[in-house]
Structure formats: C-alpha cells, structure tokens
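Notes for the one structure printed next.
The values are calculated or read from the model by the stated rules, or taken from the named source; none is laboratory data. Note that the coordinates shown come from a computational prediction; the quantities given were computed from them, not determined experimentally. A quick note on method: Cβ atoms are made from the backbone with ideal geometry, for glycine too, and the neighbour counts reach across all protein chains shown. Surface areas here come from the heavy atoms of the whole protein model, side chains and all, with no ligands, DNA or RNA. Shrake-Rupley method; radii C 1.70, N 1.55, O 1.52, S 1.80 Å.
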Amino acid sequence: MEHVCTPLEPLLPAGNLKYCLVILNQPLDNYFRHLWSKALLRACADGGANRLYDITEGERESFLPEFINGDFDSIRPDVRDYYASKGCELISTPDQDHTDFTKCLEVLQKKIKEKDLQVDVVVTLGGLAGRFDQIMASVSTLFQAARISPLPIIILQEESLVYLLQPGKHKLHVDTGMEGDWCGLIPVGQPCNRVTTTGLKWNLTNHALAFGTLVSTSNTYDGSGVVTVETDQPLLWTMSIKP
C-alpha cells in the first residue's frame, strides 16, 4: 500500500485536509491564524498556552483551546486562570517519563475518539527551534506517536517541516508552491538499510542511510512535483517552507 501525502496542504487556503492543531511552547509563526481557523480541534501543551495567550492579546476569546495539558510547570498562573475562567479544560498529566507533547497527543487521540471526529493529520506548531535536547524530544515523540495514534503527525516551525515516514512506500506531493529549496531524509533512531527515492535531485536506489555513513541532507527536487520514498525502517522526512 502506498501512502499519499501533501505535507504542506494544511497551509493552503484551499486545502481539504481535516486536521487537529497542537501548540507547543515555542514562538508561533505567521501561519498560526490560518491553521487555527481550519482546525477541527485545538490544544496547547503546557507552556504553549502562554504563547497563545500572548499572541492573541485583544482577541483572546476568539482563540480558546479545547484543552490544555501538561505537568503545568511552564504555564503562567495568570494564563492558567484565564483559560480556566473561559471554560477551557485543563488536564494534569504529571508523568515525567514523557514530554508534554507526547502526553498531549495521548489526550488528543482520546478526544478524537470521544467526538468521533474524522481527522486526516495532526499538525503541531513548535518543537523545532531553541534547545537541541527539546528538538530531539520532539523527534522522539514522532516515533512514540505510532503507538498513540494511527494519524500522521506533522511538525511545523519557521521554515521547517518534519514528518516521520513509516516503513513502506510513500508518495509526497511537493507542488503547492510553498515548498522551499531544500529537503532531506534523516535516519534517526536506527539505520535504514534499503531506501529508494524518485523526484529528488540526488535520488537513492536501495541505499543504506545511517549516521556515520550516509544521511540525505541539503537535497532538493527534480521539478516533477512528486517525491516517492520506499524505506524498510522509519525515516524522517524534512523540507523547507517558503517564508
């Protein structure tokens, strides 16, 4: 079975993907409002609520999340009180063995089932800037997400998108006009022993990708508008977004 995806479709004004939105504790980008307006369900992971609160000053009642979860070590007291007063659900998830992002996905999946929502993808804002350990924690959550939800998880921040490709065949449409110049395939976690691609300037044919040998970074497209990837292990796809 081939998995077909247009990674940047959530950013398109005419995009048809049905998605939920997760906000992490990092600066929100210009496309925050567009993503918010079309999301079926919206959630903040702990300090992500601070970011939402600050960027929506003067219009906060139009930007109320369905829930805020976490161990609440980052959310400011005034922010917590505000959203509680507006009826937003605050869900304590104190488990220190998992990040607030991971725990947010667990709560989100339960909400999707409870509401019987038809969702194509989960879009996450944040998680790719600032502290390197937190960036790696975001990537780790993508691996954990496979046991939490059947939905693909996309992370967006600034000019970058990341999306974990599961073993198998994938067709990525990269013809929205919002794609930047670069893309890459990163074998995080374990080597990928057989990777084959089309649609890239530098394609792979049954290549092994692994840290210490070959990692496909600073690649780009061949102009066809479609990239195919076949991999035997989970493989991180990353691509740039035009400013």
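Residues in segment 74-88 that are outside any helix (DSSP H, G or I) and either buried (at least 17 other Cβ atoms within 10 Å of the Cβ) or touching a helix residue (DSSP H, G or I) at 6+ places or on another chain (Cβ under 9 Å) (or both): how many?
At the first step, the residues of segment 74-88 found to be outside any helix (DSSP H, G or I) are 74-76, 86-88.
Going one step further and asking which of them are either buried (at least 17 other Cβ atoms within 10 Å of the Cβ) or touching a helix residue (DSSP H, G or I) at 6+ places or on another chain (Cβ under 9 Å) (or both), we end up with 74-76, 86, 88.
Total meeting the criteria: 5.
Can you pull out every residue in segment 216-231 that is surrounded by 18 or more Cβ atoms within 10 Å (Cβ to Cβ) and either in contact with a helix residue (DSSP H, G or I) (Cβ under 8 Å, 6 or more places away or on another chain) or β-branched (Val, Ile, Thr) (or both)?
Going residue by residue through segment 216-231, those that are surrounded by 18 or more Cβ atoms within 10 Å (Cβ to Cβ) are 216, 219, 221, 227, 229-231.
Matches in segment 216-231: VAL227, VAL229, THR231.
If you go through segment 19-45, how many residues are assigned to a loop (DSSP other than H, G, I, E, B), in contact with a Ser or Thr (Cβ under 9 Å, 6 or more places away or on another chain) and modelled with pLDDT of 95 or more?
The total comes to 1.
Could you grab the pairs with beta carbons closer than 9 Å, sequence gap of 6+ or different chains, first residue in segment 215-234 and in contact (Cβ under 8 Å) with a residue 24 or more places away in the chain and of a type in the set (Phe, Trp, Tyr), second one in a strand (DSSP E or B) and open to solvent by 50 Å² or more (accessible area, probe 1.4 Å)?
Correct list of pairs: TYR221/ASP181.
When segment 186-214 is examined, which residues are found to be in contact (Cβ under 8 Å) with a residue 40 or more places away in the chain, within 23 Å of LEU8 (Cβ to Cβ) and either of a type in the set (Gly, Ala, Ser) or touching a helix residue (DSSP H, G or I) at 6+ places or on another chain (Cβ under 8 Å) (or both)?
VAL188
Condition check: free of Cβ contacts under 8 Å to residues at least 40 places away in the same chain, surrounded by fewer than 22 Cβ atoms within 10 Å (Cβ to Cβ) and of a type in the set (Gly, Ala, Ser). Does ALA145 satisfy that?
no
Which one of LEU235, LEU209, LEU185 is open to solvent by less than 50 Å² (accessible area, probe 1.4 Å), touching a Leu at 6+ places or on another chain (Cβ under 9 Å) and over 25 Å from LEU17 (Cα atoms)?
Step by step, each of LEU235, LEU209, LEU185 is checked, and only LEU209 is open to solvent by less than 50 Å² (accessible area, probe 1.4 Å), touching a Leu at 6+ places or on another chain (Cβ under 9 Å) and over 25 Å from LEU17 (Cα atoms).
Kindly provide the set of residues from segment 151-182 that are surrounded by fewer than 17 Cβ atoms within 10 Å (Cβ to Cβ) and closer than 15 Å to PRO234 by Cβ, ordered by number.
Matches in segment 151-182: GLN166, PRO167, GLY168, LYS169.
With the structure loaded, tell me whether LYS115 is open to solvent by 30 Å² or more (accessible area, probe 1.4 Å), under 26 Å from LEU236 (Cα atoms) and either out of contact with any Phe, Trp or Tyr (no Cβ under 8 Å at 6 or more places or on another chain) or modelled with pLDDT of 95 or more (or both) or whether it fails that test.
no
Please indicate, with yes or no, whether at least one residue in segment 217-224 is touching a Phe, Trp or Tyr at 6+ places or on another chain (Cβ under 7 Å), within 21 Å of SER140 (Cα to Cα) and not in a loop (DSSP other than H, G, I, E, B).
The answer is no; no qualifying residue exists.
Tally up the residues in segment 23-47 that are open to solvent by less than 30 Å² (accessible area, probe 1.4 Å) and in contact with a Phe, Trp or Tyr (Cβ under 7 Å, 6 or more places away or on another chain), please.
Residues meeting the conditions: 6.
Filter segment 48-59 down to the residues that are open to solvent by less than 50 Å² (accessible area, probe 1.4 Å) and hydrophobic (A, V, I, L, M, F, W, C), then identify the one that is nearest to TYR83 (Cα to Cα).
Only one residue fits best here, namely ALA49.
May I ask you to list pairs of residues, at least six apart or on different chains, whose Cβ atoms are under 9 Å apart, with the first in segment 10-21 being loosely packed, with under 14 Cβ neighbours inside 10 Å and the second being in a loop (DSSP other than H, G, I, E, B)?
ASN16/ASP120
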